[in-house]
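Contents: one structure, followed by commentary.
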Amino acid sequence: MRIRFFLISCFLLVSAGAYAETTNKHYKVVNEDGTIFYGDSVPPEYTDYEKEVVNDHAVTIDRIEGRKTEEELAAEREAEKQRVQEQLQLRADKALLATYLTVDEIRMHRDRRIELFQAQSRVTQLYLRNLQRRLEKLEREATRFAPYSSDPDAEIIDPDLVADINQTKSTIERHERNLQKFRNEEEVIMARFDGDIDRFKSLKGLE
């Protein structure tokens with residue numbers, strides 16, 4: 001009895017599978033004018049539209065997206081960009097709350113970072129003053145020689161002196177750029193920590 005029931009069940013399953021495989025699929029497409037198309041295949045002029053796949057009983061069994069417009073694609077890109085930004089902000093918020101317990105801790109960390117840049121700036125400024133004094137000394141020495149001297153009988157300036165002057169000027173320019181970089185980085189750090197403080201207060205509900 002059990003064997004017969006098992007054989008009947010298998011036969012029904014095989015029959016159902018065969019029926020499912022032979023069930024025809026049809027497509028239903030509606031264009032922007034409201035015109036409805038039914039058919040076993042989709043004509044070229046309807047390929048860009050959303051398509052419903054229906055069975056012999058007109059029941060929708062699947063949907064195929066149509067080609068997206070430029071506006072839809074732009075909206076998707078903007079939504080993805082917004083999603084990524086929100087995820088980044090969420091991770092940044094978690095890191096902020098995990099790193100600091102109070103606003104004072106953020107300020108202390110900020111002040112230590114700022115002090116590093118200010119120390120670099122002070123050293124660079126001192127070095128620049130020394131370089132400037134050296135350059136002034138070299139340029140005074142150069143005035144004794146042609147073509148910088150007013151004396152028509154002055155000797156031609158030594159090429160090594162010219163090279164020394166040019167090298168000193170180049171070094172001054174490089175350190176001036178470094179000094180400006182330190183100041184810019186200090187401003188960036190200050191702004192970043194101020195932003196962290198504001199965000200921390202917002203997340204903690206502080207005034």
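Can you go through 137, 81 and tell me which one is closer than 30 Å to residue 187 by Cα and out of contact with any Phe, Trp or Tyr (no Cβ under 7 Å at 6 or more places or on another chain)? Talk me through it step by step, then tell me what you get.
Details: 137 fails: closer than 30 Å to residue 187 by Cα.
Selected residue: 81, the only one of 137, 81 that is closer than 30 Å to residue 187 by Cα and out of contact with any Phe, Trp or Tyr (no Cβ under 7 Å at 6 or more places or on another chain).
Report whether or not residue 61 is of a type in the set (A, V, I, L, M), in contact with a strand residue (DSSP E or B) (Cβ under 9 Å, 6 or more places away or on another chain) and modelled with pLDDT of 70 or more.
On the way: of a type in the set (A, V, I, L, M): yes; in contact with a strand residue (DSSP E or B) (Cβ under 9 Å, 6 or more places away or on another chain): yes; modelled with pLDDT of 70 or more: yes.
Yes; evaluated as a whole, the condition is true for this residue.
Among (1) surrounded by 11 or more Cβ atoms within 10 Å (Cβ to Cβ); (2) farther than 24 Å from residue 112 by Cα, where does residue 133 come up short?
(1)
Any chance region 67-83 includes a residue that's modelled with pLDDT under 70 and surrounded by 10 or more Cβ atoms within 10 Å (Cβ to Cβ)? Steps first, answer last, please.
Keep residues of region 67-83 that are modelled with pLDDT under 70, which gives none.
Within region 67-83, not a single residue is modelled with pLDDT under 70 and surrounded by 10 or more Cβ atoms within 10 Å (Cβ to Cβ).
Any chance region 191-204 includes a residue that's part of a helix (DSSP H, G or I), among the hydrophobic types (A, V, I, L, M, F, W, C) and exposed (fewer than 11 other Cβ atoms within 10 Å of the Cβ)? Let's see the steps before the verdict.
So in region 191-204, the residues part of a helix (DSSP H, G or I) come out as 191-204.
If we keep only those that are among the hydrophobic types (A, V, I, L, M, F, W, C) as well, we get 191, 193, 197, 200, 203.
From the residues that got through so far, the ones that are exposed (fewer than 11 other Cβ atoms within 10 Å of the Cβ) too are 191.
Checked region 191-204: at least one residue is part of a helix (DSSP H, G or I), among the hydrophobic types (A, V, I, L, M, F, W, C) and exposed (fewer than 11 other Cβ atoms within 10 Å of the Cβ).
Just to be sure before I move on: is residue 154 assigned to a helix (DSSP H, G or I), over 30 Å from residue 108 (Cβ atoms) and of a type in the set (A, V, I, L, M) in the structure I sent?
So residue 154 fails the test.
The values are calculated or read from the model by the stated rules, or taken from the named source; none is laboratory data. As the structure is a prediction and not an experimental result, all values here were calculated from the model. With ideal geometry, Cβ positions are generated from the backbone for all residues, glycine too; neighbour counts draw on all protein chains shown.
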